[in-house]
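Asks: Here's a structure for you.
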Amino acid sequence: MRFKPQVARLQQRHAQSLLRFVADRYGVSIRSLLSRRRHQRLVWPRFLAIYFCHHLSGLGFKRLGALFRRHPHAAFHAVRSVRNDVYTNPRRARDFAAALLAARQIPPPPRR
């Protein structure tokens, strides 16, 4: 079972690159994405970062909670909120589609 810690490190590094991507795209810092602040301009980018880390990196909610310094249920709520917003808000749906297309271009880090 030596493989699991290596996979976890790869997931973590891919999540960090996705965090950097979201921060750059929305003009916020990684520090503010990980902060406890709940300003409106931070909520959507933070939720997208959690969504991308979950779906593109394969991180579970427990690890997402630790990465974003939140309860695992908060990560679950973020993923569910993004999904709901995309279905109900056309502007968010367009933004999500463009961001997802760009985020999928970020390659996972190579194994060392």
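Please treat every number below as a calculation from the coordinates, not as lab data. On a predicted model such as this, the values are computed, not experimentally measured, just so you know. Please note: Cβ atoms are built from the backbone with ideal geometry, for glycine as well, and neighbour counts cover all protein chains shown.
Asks: Taking the chain as the reference, fit the longest principal axis to its C-alpha atoms, fit the long axis of helix 40-57 to the helix C-alpha atoms, and give the angle between the two in degrees, 0 to 90, nearest 10.
Replies: That works out to roughly 40 degrees.
Asks: Take peptides 10-19, 30-39 and line them up by average Cβ neighbours within 10 Å, highest first, as a rough protection proxy. Please report the intermediate quantities before stating the final value.
Replies: Working: 10-19: 18.9, 30-39: 12.3.
The packing order, highest mean first, is 10-19, 30-39.
Asks: If you average the sequence gap of Cα pairs under 8 Å that are 6 or more apart and divide by the length of the chain, what percent do you get for the contact order?
Replies: Numbers: 98 pairs, mean separation 33.2, N = 112.
Reported relative contact order: 30 percent.
Asks: Specify which residue in the list ALA99, GLY60, PHE47 is farthest towards the positive end of the charge dipole of region 4-112, using unit charges on the beta carbon of Lys, Arg (+1) and Asp, Glu (-1), about the Cα centre.
Replies: Result: GLY60, furthest along the dipole toward the positive end.
Asks: Roughly what angle does helix 90-104 make with the longest principal axis of the chain, taking Cα atoms, 0 to 90 degrees, to the nearest 10?
Replies: Between the helix axis and the principal axis of the chain, the angle is about 20 degrees.
Asks: Another question, then. Return the Cα extents of the chain along principal axes one, two and three, sorted largest first, each rounded to a whole Å.
Replies: Cα spread of the chain along its principal axes, largest to smallest: 44, 29, 25 Å.
Asks: Within region 70-105, name every residue whose backbone N is under 18 Å away from a label modeled 7 Å from Cα of ARG20 along the Cβ vector.
Replies: The answer is 102-105.
Asks: Let me know the charge dipole size of the chain about its Cα centre in debye, to the nearest 20, where only the beta-carbon of Lys, Arg (+1) and Asp, Glu (-1) is charged. Numbers along the way, then the final one.
Replies: Details: 24 positive and 3 negative charges, 83 e Å.
About 400 debye.
Asks: Nearest 500 deg cm²/dmol is fine: what mean residue ellipticity at 222 nm does the chain get from its DSSP H runs of n ≥ 4 alone, each adding -39,500 (n - 2.57), divided by its residue count? Provide the component values of the computation, followed by the final result.
Replies: Numbers: 6 runs with 86 residues, N = 112.
Rounded to the nearest 500, the figure is -25000 deg cm²/dmol.
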